[in-house]
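Chemist: Could you have a look at this structure, given as structure tokens, before my questions?
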Amino acid sequence: MNKNLSQWENIFKLKFKQDKVTFDELYEILIVMKNDGLDSESAYKLLTNLRNNLGDLNNQYDDLLLELMDIVTGYCSARLKIW
């Protein structure tokens, strides 16, 4: 089932509202997004949008979002590459 970007954004937002979301949990979402047919450009736009619109949560998750954005663009170790 191919989700649209707003559905993926909602999934991330729900995770960010949890007390202790981990890198591994968010990394797994990226894998599911790719397997669901989302291209890296769309994933990057989604993460950028999240980063710009998280409000109070931005300070808490900014570094994590930047790490995920690096993964989406391929600026990461080979073992973490998804696209």
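The values are calculated or read from the model by the stated rules, or taken from the named source; none is laboratory data. Quick caveat, the model's predicted, so the values are computed rather than measured. All Cβ positions, glycine included, derive from the backbone under ideal geometry; neighbour counts span all protein chains shown. Each accessible area value is taken on the protein alone, full model and side chains, heavy atoms only, with ligands, DNA and RNA left out. Shrake-Rupley method; radii C 1.70, N 1.55, O 1.52, S 1.80 Å.
Chemist: Yes or no: region 25-37 includes at least one residue that is modelled with pLDDT under 95, open to solvent by 60 Å² or more (accessible area, probe 1.4 Å) and assigned to a helix (DSSP H, G or I).
Modeler: no
Chemist: With the structure loaded, tell me whether Lys3 is outside any helix (DSSP H, G or I), at pLDDT below 95 and surrounded by 15 or more Cβ atoms within 10 Å (Cβ to Cβ) or whether it fails that test.
Modeler: For Lys3, the condition - outside any helix (DSSP H, G or I), at pLDDT below 95 and surrounded by 15 or more Cβ atoms within 10 Å (Cβ to Cβ) - is met.
Chemist: Let me ask something else about it. Restricting to region 15-24, give me the number of residues that are outside any helix (DSSP H, G or I) and exposed (fewer than 11 other Cβ atoms within 10 Å of the Cβ).
Modeler: 4
So that you can scan it fast, the table gives a plain yes or no per residue for (1) hydroxyl-bearing (Ser, Thr, Tyr); (2) open to solvent by less than 20 Å² (accessible area, probe 1.4 Å):
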position	(1), (2)
Asp39	no, no
Ala43	no, yes
Leu47	no, yes
Asn53	no, no
Tyr61	yes, yes
Ile71	no, yes
Tyr75	yes, no
Arg79	no, no
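Chemist: Which of the residues belonging to region 12-35 are within 15 Å of Val72 (Cβ to Cβ) and β-branched (Val, Ile, Thr)? Reasoning before the result, please.
Modeler: Residues of region 12-35 within 15 Å of Val72 (Cβ to Cβ): 12, 23, 26-35.
Correct list: Ile29, Ile31, Val32.
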